[in-house]
Every structure is written in C-alpha cells, then in structure tokens.
C-alpha cells in the first residue's frame, strides 16, 4: 500500500488527484483536517510520513514544502511551476524524457498544460532533424476555463458574469507566460516561441497548434507525420498517440479529448503551410492525469493505472 499526501488538496488539480486516488485499493491517502491543513507542523509530519507527495500549491509554497521534507525516501511530484527547469528535478513527461527517468525520480516536476502540448509537437521533430533548435516558432493554445483554477471557474459559472467571458480571451500578452521557460528548455530551442494562449467558454479541453512553413522543413509533410508515428505509436506510447486526419467536418474541437487522460497529435495543412496540433484535457494529460501517470511509474505500477485511456 502506497501512502500518498496531497499538499494543496483543496485546489482544482489537488481535488482531481484526490478523487482519482481515493478509488484505488493500492493507495492510502494521508489527509489533514480543515483546521490543520495550513498548520506547518501538521503538514511537515504528513510530508515526511508519505511515500509519495503531490504538491498542488503556488510556487513559493511548493518550495517551502520541499524544504520541510527530511525523509530522503519521500518521492515528490510538484504540480507548480517552481521546479520545472530546476537542477536535480526530472521533468515529468515520460514520453519525452523516458519512462525510466521518471520511474527513478525522487524529485519530479509535473509539466504545465500548454507546455505539454507544445513540447509534444516540437521535441520529436527536433530529434528527427526536421526542425532546427534555432527555429523561430509561434504557438497558439486554446484552453477551457477550468485551467484558471477555482476563481476563474467561479467567474465563468456565475449567473451574473461579465459578458466579455462569452467570447474567447487571449492572455499572456506580455509574452512572459510562466510556461515559456520549460517550453524552451525541454525542447532545446535557442529562442522561446511567440506564444498566444486563449481561454474560452468551455470547461475543459486543450488544443495547442504550432504552425510551420514547408520551406523551413528539411523534408515533407509526410515526413513529419512519419516522425510522429515513429516517436509515439511505434514506441508503444499509451497516452500520447499520432492520429491520421481527425475528421470533424473541417473543424478541430479543443474539447474533443475532454474527460480523457490521453493526448492526440495530428498534422494538417499542405506542402507550403503545415499545422502541428496536440489535443488533450487540460485537467487530464495537462495536469492531474499526467501527475498520476508519473506516480504510477514511480511506484512501479502500469502507467495507465487509474486513468481514462481512449485512443
């Protein structure tokens, strides 16, 4: 029985992890009362008693929590931004960094949702020599409002909400979005992409697109498709798969994989202008689903245990 403590279990990601793990017979959840969940001494005890700790906290609180852990056997999965590019931490994207690296990790940083979609598209093409690390890329990403946490969910679901919430809203307009460092670091790009995240009036789902020009690719659109098929499908990836031409009547919905823990990679466009797209649930492979996949590998379970896999 693996003992798990979720520090920050009241937040959106923490709640979903808690709900999923509470249904498993191989997991014993360490819980704190409402009165003690912000008590440092109580948290420290729970942090050191657990086999696996999930940190679902703001960055500064996550750093503080790590500092409270004295038991060297405790495995930490940090869902905050604090450690995603930190030395000594494994980036928790098994399909990219390797399952063995995740399985052996003691300190693991769960990826950001937008970053997951971007990295899944760009990393395999750099590995295949179809994209240069010096490429100047753009990326736009559509997300459901649940990615903004409890306050944004309340804003969108309020009966007297701001009428502006009825239309998609672009954010991160200063080009300093918190996911940019990991997007650049994990792919090895020499320049971060011009990144345009957009939140819209639907609960969950994510669609990340990276447009590229055929003239900038040392190959064809078919070579790109083959590279994804080889990197994901032929390598036996269970949670990230390349899919040929999803047919939705000329559309690609950002909510197509809502409720799932899988990610779908697709390629569209033509020889001159190519669209690389990843679709997944921002709360699934973009957050809690990814965290549980990582935990499964770290405790020696099949990676898809307790997850909703449908590709």
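Throughout, read-outs are computed from the coordinates displayed, never taken from laboratory work. All of these numbers come straight from a predicted model, not from anything done at the bench. Positions of Cβ are backbone-derived with ideal geometry, glycine not excepted, and every protein chain shown enters the neighbour counts.
DSSP beta bridges in the chain, what fraction antiparallel, as a percent rounded to 5?
45 percent
Report the equivalent ellipsoid semi-axes for region 113-282 in whole Å, largest first, defined as the square roots of five times the eigenvalues of the gyration tensor built from alpha carbon atoms.
With the √(5λ) rule applied to region 113-282, the semi-axes are 28, 18, 14 Å.
What's the exposure ranking of 54, 202, 251, going from fewest to most Cβ atoms within 10 Å?
Result, fewest neighbours first: 251, 202, 54.
I'm checking a number: the convex hull volume of the Cα atoms of the chain, normalised per residue, in Å³. What is it? Before the final figure, lay out the partial values.
Values: hull volume 42.9 nm³, N = 311.
Per residue, the Cα convex hull of the chain comes to 138 Å³.
Restricting to Cα pairs below 8 Å that are 6+ residues apart, what does the relative contact order work out to for the chain? Please round to a whole percent.
Computed over the chain, the figure is 18 percent.
What's the FRET efficiency of residue 175 with residue 41 using the Cβ-Cβ distance as r and R₀ = 41 Å, to the nearest 0.05?
0.45
Quick check on region 67-209: take the gyration tensor over C-alpha atoms, sort the square-rooted eigenvalues as a ≥ b ≥ c, and tell me if it's rounded (a/c under 1.5), prolate or oblate.
oblate
Mean residue ellipticity at 222 nm from the helices of the chain, using -39,500 (n - 2.57) per DSSP H segment of n ≥ 4 over the full residue count, to the nearest 500 deg cm²/dmol?
Details: 10 runs with 89 residues, N = 311.
Estimated from H runs of four or more residues: -8000 deg cm²/dmol.
Starting from 0 in steps of 5 Å, tell me what percent of the Cα-Cα pairs of region 179-238 lands in each bin.
Result, from short to long distances: 4, 12, 14, 19, 24, 18, 8, 1 percent.
Which log10 I(q)/I(0) values does region 150-196 give at q = 0.19, 0.22, 0.26 Å⁻¹ under the Debye formula, counting every alpha carbon as one identical point scatterer?
For the requested q values the scattering log ratios are -0.72, -0.80, -0.92.
Size of region 89-145 along its principal axes in angstrom, Cα-based, largest extent first?
Computed over the Cα atoms, the extents are 35, 34, 15 Å.
If I build a Gaussian network model for the chain, linking alpha-carbon pairs within less than 10 angstrom, which residue out of 33, 230, 146 has the largest mean-square fluctuation?
33
Fewest first, what order do 278, 176, 237, 132 take by the number of other Cβ atoms within 10 Å?
176, 132, 237, 278
So if R0 is 30 Å, what FRET efficiency would residue 167 and residue 275 give, r being the distance between their Cβ atoms, rounded to the nearest 0.05?
0.85
Sort out for me the Cα centre separation of region 9-80 from region 248-311, rounded to whole Å.
25 Å
Quick one: helix 40-49 against the long Cα principal axis of the chain, what's the angle to the nearest 10°, folded into 0 to 90?
Its long axis makes an angle of about 70 degrees.
Kindly express, to the nearest 10 degrees and within the range 0 to 90, the angle between helix 12-21's C-alpha long axis and the longest C-alpha principal axis of the chain.
Approximately 70 degrees, to the nearest 10.
Give me the one-decimal Kirkwood hydrodynamic radius in Å for region 1-114, with the sum taken over alpha-carbon pairs.
Details: mean 1/r = 0.0701 Å⁻¹.
The Cα-based Kirkwood calculation yields 14.3 Å.
Treat the count of other C-beta atoms within 10 Å as a stand-in for reagent exposure and order 140, 123, 213 from fewest to most.
By the 10 Å Cβ count, ascending, the order reads 213, 140, 123.
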